[in-house]
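First up is the structure itself, then whatever we jot down about it.
The values are calculated or read from the model by the stated rules, or taken from the named source; none is laboratory data. Please read these numbers as outputs of a predicted model, since none were measured by experiment. Ideal geometry is used to build each Cβ from the backbone, glycine not excepted, and the neighbour counts take in all protein chains shown.
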Amino acid sequence: MSCRKGLLAILLVLLMWSPGGVWGAEKSAPLKMGTDDYTMGYGDVISILVWKEPDFSLEESIVRLDGKITLPLVNDIQAAGRTTRVLKAYLEIILRKYIDNPVVTVILKEARSQRFYILGEVARTGEYSLSKELTVLQAFALAGGFTEWANKKGVFVLRRDDSGDTVIKVNYLDIVSGRDFKGNIILQADDTIVVP
């Protein structure tokens, strides 16, 4: 039985370090509703609780610019680019050096790294948190709606990914009239909405 556990642990470590393994996260993956699917990044605040081991727990830790957090005795751990679920599994493997059967809970306390931006003819331009799945219409509501000079047919979203920049045209009038519900796209981290 213990041989099986050892083989499973080795398999998990190999998957972790293999290219495209479970530990590598797509940087441009869209944000999903649950925190289990949220890919952490710089500025996010997390808690790490290790059951019955307060010396290994962190009440509140901010993911640093280098994407790492520091865990007592373990040292620097990569948090950016991982979900809470993946970080939990990784920490349980690492902590086996110090604890028998560690039980780790990773809690996303504040989602600060996932942002989008609105520029142009809206009431409140600026940077907004993308802490849940959000559509373009909902983003307009957060920004307080349009100014009287807004070109509601000429709105566009600038999206950057590995292949470069993409411009996605959004016709607000078509969406609200019901002619084009597909135009009410789901925003991704670092999207910029421009309202001319």
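Things worth noting here:
- Region 162-196: number of residues that are modelled with pLDDT of 90 or more, among the acidic types (Asp, Glu) and more than 24 Å from ALA111 (Cβ to Cβ): 2
- Hey, TRP23 within 18 Å of LEU87 (Cβ to Cβ) and modelled with pLDDT under 50 or not: yes
- Of all residues making up region 101-132, the number that are at pLDDT below 95, among the polar types (S, T, N, Q) and within 26 Å of the chain's Cα centre (by Cα): 4
- THR147 vs. criteria of a type in the set (Ser, Thr, Tyr) and outside the structural domain of LYS52 (by TED's automatic domain parsing): yes
- Within region 89-111, considering residues that are part of a helix (DSSP H, G or I), without any contact (Cβ under 8 Å) to a residue 24 or more places away in the chain and of a type in the set (D, E, K, R), the one nearest to LEU73 (Cα to Cα): LYS97
- Looking across region 139-196, the residues that are of a type in the set (Val, Ile, Thr) and in a strand (DSSP E or B) come down to VAL155, VAL157, THR166, VAL167, ILE168, VAL170, ILE186, THR192, ILE193, VAL194, VAL195.
- Subset of region 133-153 that is surrounded by fewer than 16 Cβ atoms within 10 Å (Cβ to Cβ), of a type in the set (Gly, Ala, Ser) and under 15 Å from ILE175 (Cα atoms) - its residue that is farthest from the chain's Cα centre (by Cα): GLY145
- Scan of region 52-65 for residues that are farther than 17 Å from GLY81 by Cβ and either within 23 Å of the chain's Cα centre (by Cα) or at pLDDT 95 or above (or both), ordered by number: SER57, LEU58, GLU59, GLU60
- The residues of region 112-131 that are surrounded by 14 or more Cβ atoms within 10 Å (Cβ to Cβ) and part of a strand (DSSP E or B), listed by number, are ARG115, PHE116, TYR117, ILE118, LEU119, GLY120, VAL122, TYR128, SER129.
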